[in-house]
Amino acid sequence: MTSAAAGRGGAMVVAGEAGIGKSALIDAVVAELDGFEVLRAAGTEFEQDLPYATLHQLCAPVLDHRTGLPVVQRRALEAVFGLGAQTSPDPLTFGLAVLGLLHEVARKRPVCCVVDDAQWVDDASRRALVFVARRVAAERIAVVFAARDVGSVSGLAGLPRLPLAGLGDEDARALLGAATQAGLDAEVVDRILAEARGNPLALLEFAHRTEPFGVPGPRRCRASVVDTLEEQFVHRYERLPDATRLLVVLAAAEPVGDLGLLRRAAELLGLDAAGFTLAENAGLLVLGPWLRFRHPLVRSAVYASATPGMRRRVHSALAEATDPETDLDRRAWHRAHAAVDADESVAAELERSADRARLRGGVAAAAAFMERAGQLTPAGDRQAGRLLVAAQLRLQAGAPDTARALVARAERRSMDEPERAGARLLRARIDYQLSHSPQATAALVDAIAESAPDQARDTYLEAFASFMYNDNKPGGLKDLGVRIRERTPRRESALPADLLLDALLDQTMLPVGQAVPAMRDAVAAYRTAPSASEPWPMNLLCQVVIDLRDDEAMDEITDRQVDVARSQGALALLPQALRYQAIARVAAGRFDEAAAALGEARAVDEAAGTAPLLGPELILTGFRGDLDRYRELRGSMGREGRPFETAGEHYARAVLNNGLGDYEAALDAALAAQRRHRAGSYAIWSVYPELVEAAVRAGRGEEAVAALEHLEALARAHPLPWIVAEWLQAKALLGRGADCDTLYRQAIGHFARTRVRVLHARARLTYGEWLRRENRRAEARDELRAAYDMLSRIGARAFAERAARELRATGEQPRRHGENPLGRLTAQERLIAGKVAAGATSKEVGVMLFLSPRTIDTHLRNVYRKLGISSRRQLREMSL
């Protein structure tokens, strides 16, 4: 808290079993705070399935500060809190909006956020709170979670942790003595200490239980401290008058503690709300602006001990007392808990709540609403349909086993033929998600063709992407293509997505020369179609255009993919779009821009908690010739990376070792890629020129024959300058005599017509090397000098050093290039500096990188210090 007040915020998880003193410790610290804005919330079992329920508690008092946020963030907050249009904010945008809201509050005073019972916080709130907790290092914000089992709460395990253990024997005896007005028998004390095991709440409860009722301490056969405490609370609850007991159950069923709502519900039940005071005197409740239970165990123990009839009565009263204009979803949830038999009106209300939850991004909550709606639907037309929707939502929420059980329940209901077909398709999707096996893939393709032909194209593209990125079975991608082609004849349609599917099928199944026409048509269709704005299929298109070596289209399409992902807020797709853009920048020799794109992709991945795809970063590292960084990245991939990573790693390793002069290692990598390609798995086509160079330099030219045939077929089918240049260069490397000179010159001429500067520079290097071996030293110097200068400026250090060695062998010392001051910056500092130099404000950079403006300013101060400058104007004047 002291650090947060000084602008060095942080987060902590106070962890320990129920009753160990987590809340008491936090309360004691909060009571000592001076000048803090304290925001509190607690997770509850009842609201685990209600999206953003915990954040409603936490942020409601400070929502007025949203006016200072960027429009996108303000709208995200307003959508979630029911203050604006019902839209579905991206989870990352919403997390940044919560961070921005707290940042605005912290401009006036430090902020302390306390989240109790984090194990019961709903998923949507938890994701946003963990997002915030990881980004407050430069803020006047402290975030404190209290949780029983940290390991079971996603996201909390990586935060600093303060574990609370039981009291030692001496302290436990002191607490027990202070809690009892009269001395206890020594044997009773020993039994209490043994049973409580240092748990402070247990000690206090046992002390109180012993005195008024004359019970000689708790029995030894208790299953756990929690069970014992719950028994104690239930015993105290059962001694209350019947009316008061019903009031306590009412409070247990209302998780927020809204006294106004509780009083209205009590009146509907014919109860006097003054009875809450009796429950407070019994040590069960704490009354204040909001009603709180003395401990969360009290709530759970009371609710569990109530009869089903009592629970239905209180939920019915709470539903009637809840304002339908402001809290429709809680009202629907209470009505669902009050229902005994099927009730179409309640089921329909739950279905509407599910729709709202989906709009707010709460898929798990939507599934819970829809599942209960299915249970309450009268037997007949709609029951199976609602259960199938619930199953689909459970699958989307990452619960395939639950989804499968719901499909089975739906299949036992009355279903029409479209519903039966939908159930078969859903089963196939579930099986595919669980195994990705060839059998599951075949079943999914068949189910799509039979059940949902209108959805087939998009689902096939989705399956293609999944296999390309995730399936390591040799030939799995080709097997998938064969299965899809059997079900999907080539179409005459000119729709870009149809042409893309044809391109992917041909690229997977046909020889390269036969695959190129469909690939070319797909690229042309996306470049000319004004409606080609769906972001996710363009990820697949990016790979097609990169393999086609159409440098102009590659820049256009990869840039458009990033722009579309940004403009549509498709943040789940933005990282891969940025990675394809980085590959295009690498080919253009714009390594710093590639690094910036990869840095931003990593920032989005870290914000989302997803594992980054390392292939493109490996490719950049290979071209830079950074062996240490390559080894670091390769080590983080694990023994067997995902297919897309493996393809990138093969290509990167071939490039890296060709630069370092380890041609055997380069050839091994390129041949591994070739074997994958022949087996029907994905490989980056650009690996074939690397294979030719490595084979020739290693004295194993016979290994390059198939690669040369691939390049020739590609060049004849699609004679673009880049493709033709690679083919001519490969022929020159494998050739002999005077023809080689002509081939090298033609290759360099074709490269000069492209944007691929790094390959142009490498072509001049290989030509210079050939000239030196032909004893044409003067001509060799010209080519090697040009190659060295180009490669040095680009940052291809290993290839530049190779050119320098060759240049020295001609008798010329290469000119040294000065140190780039930007090399002093960390990767994140360089990324931020580049965006600020381009004119972005701290707030805009924060939105892009999911950091607060204050954090951006902290990084900028470090940039200024390292570069010896003091203003944004000076930063813009530097070559970034």
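The values are calculated or read from the model by the stated rules, or taken from the named source; none is laboratory data. Given the structure is predicted, the values throughout are model-derived calculations rather than measurements. For neighbour counting, all protein chains shown are included, and Cβ atoms are generated from backbone atoms with ideal geometry for every residue, glycine included.
Structure above, values below:
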| quantity | calculated |
| --- | --- |
| Count - residues of the stretch 782-798 that are in a helix (DSSP H, G or I) and at positive phi | 0 |
| Residue satisfying all of: in the stretch 288-316; part of a helix (DSSP H, G or I) and of a type in the set (Ser, Thr, Tyr); modelled with the lowest pLDDT among these | SER300 |
| Residue within the stretch 767-776 that is closer than 30 Å to THR742 by Cα, in contact with a Phe, Trp or Tyr (Cβ under 6 Å, 6 or more places away or on another chain), crowded, with 17+ Cβ neighbours inside 10 Å and among the aromatic types (Phe, Trp, Tyr) present | yes |
| Tally, over the stretch 799-817, of residues that are part of a helix (DSSP H, G or I) and either touching a Ser or Thr at 6+ places or on another chain (Cβ under 6 Å) or within 12 Å of VAL758 (Cβ to Cβ) (or both) | 2 |
| Residue match in the stretch 835-853 (condition: charged (D, E, K, R) and either farther than 25 Å from ALA106 by Cα or not in a helix (DSSP H, G or I) (or both)) | yes |
| Residues of the stretch 8-44 that turn out to be of a type outside the set (Val, Ile, Thr) and out of contact with any Lys or Arg (no Cβ under 9 Å at 6 or more places or on another chain), as a count | 15 |
| Boolean, GLU702 is buried (at least 23 other Cβ atoms within 10 Å of the Cβ), assigned by TED's automatic domain parsing to the domain that holds ASP550 and of a type outside the set (A, V, I, L, M, F, W, C) | no |
| Selection status of ALA391, free of Cβ contacts under 8 Å to residues at least 24 places away in the same chain, of a type in the set (A, V, I, L, M) and more than 17 Å from PRO51 (Cβ to Cβ) | no |
| All positions within the stretch 89-116 that are in a loop (DSSP other than H, G, I, E, B) and surrounded by 18 or more Cβ atoms within 10 Å (Cβ to Cβ) | PRO89, ASP90, PRO110 |
| Count of residues meeting criterion [without any contact (Cβ under 8 Å) to a residue 40 or more places away in the chain and either closer than 21 Å to ASP116 by Cβ or outside any helix (DSSP H, G or I) (or both)] in the stretch 241-261 | 4 |
| Only one of ALA833, ALA827, ALA837 that is surrounded by fewer than 16 Cβ atoms within 10 Å (Cβ to Cβ), of a type in the set (A, V, I, L, M) and within 29 Å of the chain's Cα centre (by Cα) | ALA827 |
| Subset tally (residues that are closer than 23 Å to HIS650 by Cα, crowded, with 20+ Cβ neighbours inside 10 Å and of a type in the set (A, V, I, L, M, F, W, C)) for the stretch 601-618 | 4 |
| Residue, farthest from ARG134 (Cα to Cα), within the stretch 6-16, restricted to residues that are surrounded by fewer than 19 Cβ atoms within 10 Å (Cβ to Cβ) and over 27 Å from the mean Cα position of the chain (by Cα) | ALA6 |
| Condition broken by GLN581, with the remaining ones in (1) more than 18 Å from the chain's Cα centre (by Cα); (2) surrounded by fewer than 23 Cβ atoms within 10 Å (Cβ to Cβ) satisfied | (2) |
| Flag for THR402 being surrounded by fewer than 22 Cβ atoms within 10 Å (Cβ to Cβ) and among the polar types (S, T, N, Q) | yes |
| Only one of ALA800, ALA713 that is within 24 Å of VAL516 (Cβ to Cβ) and either buried (at least 24 other Cβ atoms within 10 Å of the Cβ) or in contact with a Gly (Cβ under 9 Å, 6 or more places away or on another chain) (or both) | ALA713 |
| Near pairs, Cβ below 7 angstrom, 6+ apart or cross-chain, from the stretch 54-68 (more than 17 Å from GLN119 (Cα to Cα) and assigned by TED's automatic domain parsing to the domain that holds ASP122) to any residue that is assigned to a helix (DSSP H, G or I) and charged (D, E, K, R) | HIS65/GLU104; ARG66/ARG74; GLY68/GLU104 |
| Some residue of the stretch 750-757 being of a type in the set (D, E, K, R), assigned to a helix (DSSP H, G or I) and either surrounded by 22 or more Cβ atoms within 10 Å (Cβ to Cβ) or touching a helix residue (DSSP H, G or I) at 6+ places or on another chain (Cβ under 8 Å) (or both) | yes |
| Where a residue in the stretch 117-144 is buried (at least 24 other Cβ atoms within 10 Å of the Cβ) and its partner, wherever it lies, is charged (D, E, K, R), with Cβ under 6 Å and at least six apart | GLU139/ARG854 |
| One residue from ALA611, ALA652 being assigned by TED's automatic domain parsing to the domain that holds ALA800 and either touching a Gly at 6+ places or on another chain (Cβ under 7 Å) or touching a residue at least 24 places away in the same chain (Cβ under 8 Å) (or both) | ALA652 |
| Of all residues in the stretch 462-496 being buried (at least 22 other Cβ atoms within 10 Å of the Cβ) and either closer than 21 Å to ARG527 by Cβ or of a type in the set (Phe, Trp, Tyr) (or both), the one that is modelled with the lowest pLDDT | PHE467 |
